Amino acid sequence: METGNNVVKLVRDVVTRIGGSDSTDNKLCQQAHQWDRFAVNIPGTVFQLLERPDGFSSLPYISPSIFELYGLTAEQLREDASPLLSRIHPDDVEPFMASLRMARENLSAWHHQFRMVLPHNRACWRLGWAQPERLDDGSVLWHGYVQPLAERIISNEQFWRGANIDALTGLPNRGQFLSILAQNVRQAQQANTRVTLFLLDLDHFKDINEAQGYAVGDTLLFHVARRLQSCISDIVSLSRLGGDEFAMLLNGMADLSDVKAKVGDALSAFSHPFFCHGGEIHVSVSIGIAFFPDDAANSESMLRFAERAMYAAKQDGRNCYRFFMPAMQERTQKKMALAKELRRALVDYPFTLLYQPIVDLASGEVNKLEALIRWQHPERGSISPADFIPIAEETGMIGDISNWVFHTAVQDIAYWRASLNPKLRVGINLSPVLFRSGDKFIQSWVEHLSQMDLPGEALIAEITEGLLLNNSNSVIKRLDALREAGIMVAMDDFGTGYSSLSYLKKFDIGCIKIDRAFIQNLSSGSSDMALCEAIIVMAHKLGLSVIAEGVETEARRCLLAAAGCDYGQGYLFSEPRTALQVDNWVMHSYKHSELAVGLSSNEH
Ligand code: C2E
Ligand code: CA
Ligand code: CA
């Protein structure tokens, strides 16, 4: 593998030295003889493949040895690569194209094993490496190298393994899996049978890597591979596609109940811990399932659909499986369209920040608000953060959006503290993705607060439990930085995650917000009531204050107040309102509130 990558690097270096990758003029042709001198020293075929946006491919350069092999001259191929591409073995065309597509999409190194058909119909294995480069006109220029494989197999089996086998787990890698899948699909097509694909992705693997180090992560992946192999029968193939993603092909799954039994086996393979480097690791898995021919017409869409189903399993809380459904595909397309529009929205920020009051249940005073973002879409109207924040998180736009929220909230709270109530605080929701991205945002926020002459206590950072799960050092340091700046950290949606009170103590959380799922059906003597009471008592023992979310009725407000809950937030008091409405609401409806007290004290 190393050898191939080195040759590709060499090809690129030579390109740069001989005259760059300017594909538009004849320079490359004139430089061909210089290239040839370089290529004769290499035991294989060196090439540059140019793919134009209109789908047309040419080979601006290919070693002269191509004539000996295929009876095609470099001149013939310079304008049109198709005579050579049509020599790829028919069985290998699909995985070959799929592997190119994947490397092209990510502009990542390509290495792939495939067969070429030589004159006299003799098939011969080839191993190719290439590095794609996107040119200004949208074309993709590949710098590459292809080597005959048969000789290498005989002389060095390791070499073949390197290209097809994942070194960590000993399983087939992504490239090899694509070939296996395509082959199974072809066979199923001929035999009129079904192929079942399970796509498995470990839950929160990144956290494990971050918290315990990559060596532990690698050992875990190794054990996961072994356990999957030993726990599940009838596996045609188990492959590691990369990272923490595994793919499993299954045989004889004519019946849905068979499939469900198998996926049950796969999930329960994770029900007991893995032993890695002397410690126990608990990890679960999310599984997406797709069938050929029921769901997908070819191997490529089958893999894509299984991926969609796997994401659906993640979204539905992880540690579960989902079958692919056409609606998922539609949803993904809609999501991609929304992501595109969101990127455009980052030009003029058509967002609004609403504020929802948090009411002191004993006094009725309001000295906290939660800031909640909305996206004012020109056609779709107001879009909920639940719909676009996850997209922003996935596409790296969350940093810009969070900065906008912070600056808007700080500006508003500075005004309200000066004009209405000097004690008023605003809570902003901190995305775990932003939190894990680095600590620059905290530094710049703290600086901005001091420039505005605002104390940190004007701000409350609402975080969720998942962030603390693997108590990584960097997360702890960032939480410390917030607290050092005087910013209180509140645990949002408490009760829906791990609900660990020991975390709360360890991380010095100042306040918890009981999730509205527990409040929504609250009634005297109910189990939710018992849970709320227990949470409130324990939180108070740990010195934390408690906010109940989603308080919609007077009866529930009374129950919560009687249980000693400190604050309530919900439609009973007010829906989220615009900054302007907050001013009016303070002046007209809640004269008795702390905000109003602040207002009247300013009037004196
Ligand atoms: P959250 O932090 O749990 O916010 C509370 C959600 O409950 C808000 O939904 C609020 O409008 C809603 N809510 C408040 N009172 C009631 C009630 O009495 N009944 C019911 N049924 N719902 C109530 P919203 O504004 O749609 O926000 C949804 C989620 O989006 C938030 O959940 C938060 O996780 C996220 N979010 C909102 N703004 C931001 C933001 O600026 N940044 C980030 N990262 N996330 C945000
Ligand atoms: Ca919140
Ligand atoms: Ca919440």
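The values are calculated or read from the model by the stated rules, or taken from the named source; none is laboratory data. Just so it is clear, the model here is predicted, and its values are computed rather than measured. Cβ: placed from backbone, ideal geometry, glycine included. Neighbour counts: every protein chain shown. Each accessible area value is taken on the protein alone, full model and side chains, heavy atoms only, with ligands, DNA and RNA left out. Shrake-Rupley method; radii C 1.70, N 1.55, O 1.52, S 1.80 Å.
Per residue, the accessible area of the chain comes to 46 Å², computed with a 1.4 Å probe over protein heavy atoms only.
Sparsely packed loop sites in region 432-517 (the trypsin sites (Lys or Arg not before Pro) outside DSSP H, G, I, E and B with at most 12 other Cβ atoms within 10 Å) do not occur. For region 311-355 versus region 380-429, the inter-centroid distance based on Cα atoms is 20 Å. Put simply, the Cα atoms of the chain extend 97, 56, 47 Å along their principal axes, the longest span coming first. Temperature 25 °C, viscosity 0.890 mPa s: under these conditions the Stokes-Einstein estimate for region 271-423, based on its Kirkwood radius over C-alpha pairs, is 127 µm² per second.
Cross-link pairs exceeding 31 Å between alpha carbons, from the set Lys335/Lys368; Lys368/Lys505; Lys260/Lys340; Lys368/Lys477: Lys335/Lys368; Lys260/Lys340.
At 1.4 Å probe size, with the rest of the protein present, what percent of the exposed accessible area of region 220-329 is carbon and sulfur atoms?
Values: 2330 of 4590 Å².
Carbon and sulfur: 51 percent of the exposed surface of region 220-329.
Subtracting the Cα-Cα distance of Ala414 and Tyr349 from their residue separation scaled by 0.36 nm leaves 21.3 nm.
At 25 °C and a viscosity of 0.890 mPa s, what translational diffusion coefficient does Stokes-Einstein give for region 124-274, taking Rh as the Kirkwood radius over Cα pairs? Give it in µm²/s as a whole number.
In µm²/s, the coefficient is 137.
Per-residue ellipticity at 222 nm computed for the chain from its helices equals -14000 deg cm²/dmol, with DSSP H segments shorter than 4 residues left out and the rest contributing -39,500 (n - 2.57).
Straight-distance candidates among the lysines for linking to Lys206, with alpha-carbon spacing under 17 Å and chain neighbours fewer than 8 residues away dropped: Lys314. Using the empirical formula 2.2 N^0.38 Å as the baseline, the Cα radius of gyration of region 427-492 reaches a ratio of 1.05.
Translational D (Stokes-Einstein, µm²/s) of region 465-552 at 10 °C and 1.306 mPa s when Rh comes from the Kirkwood sum over C-alpha pairs? Translational diffusion coefficient: 116 µm²/s. Over all pairs of different C-alpha atoms in region 188-282, the reciprocal of the mean inverse distance, the Kirkwood hydrodynamic radius, equals 14.5 Å.
Kirkwood hydrodynamic radius of region 292-351 from all distinct Cα pairs, in Å?
13.1 Å
Using all pairs of distinct alpha-carbon atoms, the Kirkwood hydrodynamic radius of region 353-401 works out to 12.8 angstrom.
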